[in-house]
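Structure record follows, encoded as structure tokens.
The values are calculated or read from the model by the stated rules, or taken from the named source; none is laboratory data. Keep in mind that what you see is a predicted model, and the values were worked out from it rather than measured. Here the Cβ is made from the backbone with ideal geometry for all residues, glycine too, and neighbour counts use every protein chain on show.
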Amino acid sequence: MLMAKYDKPAKKRIVLDELDQNKSIDQDQYKTKVKEYQLKLLNLQRALIETRHNVIVVVEGPDAAGKGGAIKRLVEKLDPRTYRVYSIVKPTQEEYQHHYLWRFWNKLPPYGQIAIFDRSWYGRVLVERIEGFATTAEWKRAYREINEFERQLVDDGTLIIKLYLQITKEEQLDRFKRREADPLKHWKITEEDWRNRRKWNEHNQAAQDMFEQTSTDHALWNVVAANFKWYARLKVLKTTVRTLESLGLKV
């Protein structure tokens, strides 16, 4: 059975609340390594343009896990002409009238380019499952549909990098409170965030099932301990660079 990639190889089903969050890095090392990986990523992006490959980066995780901050560091030194970032929210009325994967097809990157999804088609087996927006039959068959969708893309030259940022429930509460107290970040916290928090265990269960069902040899899940933001951001950069290097691009 294929399992999600862990900070250390996982030999059993991942339990998110047991993830080792004692990951940290000092500021000087962080700044040095971020610059190093951002330069590597920029060079890889430039090399990618000349190929028949494209790259999709999927970023998932609970509210306040640091997805936006990690994505910001991922793209801040890239050439903005050949990447796009999509923040996925609830479907529009038109999108509701189609298969749930329909709205993602026109967001797939052209050859030579990169698309980064802040939340993704995995919403079907995460929030839609938990909130009842999809029936049991719909979200259960979605594992197969998603694997087939990603298999098609990989067969056509797409590199898929899937990242799941996880924080503890206590860390999430601390971040929620700090957002509420900061007028520059107050917009980041909503009643929906608090409602999702009340279903912490259900969301973890759904994510754990997702890893087990959709971490494949062609699109592996990478689970990142994200209580320490510097560590998580660096891990996201490093994982993206290392995976892109597997294409054998000439840099």
Quiz prompt | Pairs with Cβ under 9 Å, 6+ apart, first in region 205-230 and under 19 Å from R242 (Cβ atoms) and polar (S, T, N, Q), second at pLDDT below 95 and surrounded by fewer than 19 Cβ atoms within 10 Å (Cβ to Cβ) | solution = S215/L2; S215/M3; T216/L2; N222/Y6
Quiz item: Is at least one residue of region 182-198 among the β-branched types (V, I, T), closer than 18 Å to G66 by Cβ and at pLDDT 95 or above?
Solution: no
Quiz item: Would a scan of region 144-163 turn up a residue that is free of Cβ contacts under 8 Å to residues at least 60 places away in the same chain, surrounded by 12 or more Cβ atoms within 10 Å (Cβ to Cβ) and within 20 Å of the chain's Cα centre (by Cα)?
Solution: yes
Practice problem: Return the pairs, sorted by first residue and then second, in which the second residue is in a loop (DSSP other than H, G, I, E, B) and at pLDDT below 80, the first residue lies in region 1-30 and is farther than 16 Å from T214 by Cα, the beta carbons are less than 7 Å apart, and the residues are 6+ apart or on different chains. | Solution: D20/D7
Quiz prompt | For V57: the one exception among (1) over 25 Å from D118 (Cβ atoms); (2) in contact (Cβ under 8 Å) with a residue 12 or more places away in the chain | solution = (1)
Quiz item: Does region 130-140 contain any residue that is modelled with pLDDT of 95 or more and at positive phi?
Solution: yes
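Among the residues of region 195-219, how many are surrounded by 12 or more Cβ atoms within 10 Å (Cβ to Cβ) and part of a helix (DSSP H, G or I)?
Of the residues in region 195-219, 16 are surrounded by 12 or more Cβ atoms within 10 Å (Cβ to Cβ) and part of a helix (DSSP H, G or I).
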Quiz item: So which residues in region 99-137 are assigned to a helix (DSSP H, G or I) and in contact with a strand residue (DSSP E or B) (Cβ under 9 Å, 6 or more places away or on another chain)?
Solution: F104, W121, Y122, G123
Practice problem: Report, by residue number, each residue of region 212-251 that is out of contact with any helix residue (DSSP H, G or I) (no Cβ under 9 Å at 6 or more places or on another chain), at pLDDT 95 or above and polar (S, T, N, Q). | Solution: S215, T239, T243
Quiz item: Do the conditions hold for I167, that is, is it among the aliphatic types (A, V, I, L, M), surrounded by 14 or more Cβ atoms within 10 Å (Cβ to Cβ) and in contact with a strand residue (DSSP E or B) (Cβ under 9 Å, 6 or more places away or on another chain)?
Solution: yes
Exercise. Quick one: I160 ticks every box in (1) touching a strand residue (DSSP E or B) at 6+ places or on another chain (Cβ under 6 Å); (2) over 21 Å from A226 (Cβ atoms) except a single one, so which number is it?
Key: (2)
Exercise. Within region 154-175, identify whether any single residue is in a helix (DSSP H, G or I), over 27 Å from A232 (Cα atoms) and modelled with pLDDT of 95 or more, and answer yes or no.
Key: yes
Quiz item: D209: among the acidic types (D, E) and modelled with pLDDT under 95, yes or no?
Solution: no
Quiz item: Which one of these does K67 not meet: (1) under 16 Å from T239 (Cβ atoms); (2) of a type in the set (D, E, K, R); (3) free of Cβ contacts under 8 Å to residues at least 40 places away in the same chain?
Solution: (3)
Practice problem: Would you mention how many residues in region 75-96 are assigned to a helix (DSSP H, G or I) and in contact with a strand residue (DSSP E or B) (Cβ under 7 Å, 6 or more places away or on another chain)? | Solution: 2
